[in-house]
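Contents: one structure, followed by commentary.
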Amino acid sequence: MSITNKGDNLEIFAGIDVQQLLETELPSVLTLVSSSSWSKVTHKNDVTVSKQTVDGRTAFLTSSILPFAYEDVLRAVVDTQEHKFYDNAILSYDVVQVICEDESCKADIVRLVSAPAARGMISAREFIDVRLMVPIEDGLAVMQRSIECGPVQDSDEITVRGWTFPSGSIIRRRADGTTEIDELVNTDLRGNIPVWLINKTLPSVRCSLHGKLFDYLAGNSASASSGGSSSGNSSSEGEAESE
C-alpha cells in the first residue's frame, strides 16, 4: 500500500491494533527508557546520550532538562510542522492520517523524509511510522515504530526506506517549571551505510539536535523558566565524554 496524499488510502492502518500497541509496545518503550542498562556515550551542554544493545542493534537515549514550559516543549517535539523549524536534517515531516484521538490516546501515521547527508554519500531516507501519544503522570509518552507500506514515495530523490523499531519520547513537567525529555532512537537506516559509522556519529547528531531545540525554544517559547539547565548551542560547552 502506498501513500500519496494526506487522507488517502485509509486501508493503510486497517491492520494496526492500537490496543495491542498500548498493551505491549508502549510499556516496552517505557521500560527500556527507565532501565539501568544504559551506558553513557557523551555529555555535552547538559545533554546526555547513552547507548544500549537492543535485539542486536544499538539504541540511543538522549536526555536533557529544558528551562522552558512543558507546553512549549511538547508542541515543538510532537507537532510535525513545528519540529521542522529546528531540525534541518528533515526534508519533510507530516501526519498522513489520524487513526484515533481522544483524551486517553492519540494515534496517527507520520511520514518523515530525512535530508541527504555526508555530502550526498548518504541518500535521503523515508520513514512511514505509526505514532502513539498517551498521557502519563506529569507528561506525555510517545511511541513510534515503522509499518510496511509499499515502495518509497519520491523515487527520484529517495532510494531507501529506513525502519524505526519501537522508539519514542517521554516528556515531563518538573516542579520548578522546567521540562524533562528523554528520547529513545532505535532505527535502521538500511542501505549500504556501515553500522559502525552510524553508531559513531549518531551521539553527536543527537546532542546537536537538542541544542537546536533549545535555541528554537529560546527564541519562540512564550515563557522560559529561570531554573533548570542551560543546554543549547549558544551555551558554553560542558564536559564531553566518549567511549
Taking 24 Å as the cut-off for C-alpha to C-alpha distance, list the pairs among Lys44/Lys200; Lys44/Lys106; Lys44/Lys212; Lys51/Lys106; Lys84/Lys106; Lys40/Lys212 that go past it.
Lys44/Lys106; Lys51/Lys106
If I ignore ligands, DNA and RNA and count only protein heavy atoms, how much of Ser208 is accessible to a 1.4 Å probe, in Å² to the nearest 10?
40 Å²
Listed residues Asp17, Asp55 arranged by accessible area, highest first, probe 1.4 Å
Asp55, Asp17
Percent of accessible area on the stretch 132-210 owned by carbon and sulfur, 1.4 Å probe?
51 percent
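Explain nothing, just the number: dipole magnitude of the stretch 77-151 about its Cα centre with +1 on each Lys and Arg Cβ and -1 on each Asp and Glu Cβ, in debye rounded to the nearest 20. Numbers along the way, then the final one.
Working: 7 positive and 13 negative charges, 113 e Å.
Once rounded to the nearest 20, the dipole reads 540 debye.
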So which trypsin sites (Lys or Arg not before Pro) in the stretch 88-150 end up in coil per DSSP with only 14 or fewer other C-beta atoms within 10 Å?
Arg119
Given R₀ = 30 Å, what would the calculated FRET efficiency be for Val205 paired with Val95, taking r from the Cβ atoms and rounding to 0.05?
0.80
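The values are calculated or read from the model by the stated rules, or taken from the named source; none is laboratory data. These figures come from a predicted structure and were not determined experimentally. Please note: Cβ atoms are built from the backbone with ideal geometry, for glycine as well, and neighbour counts cover all protein chains shown. To get the accessible areas, we keep the full protein, side chains included, count just its heavy atoms, and leave off ligands, DNA and RNA. Shrake-Rupley method; radii C 1.70, N 1.55, O 1.52, S 1.80 Å.
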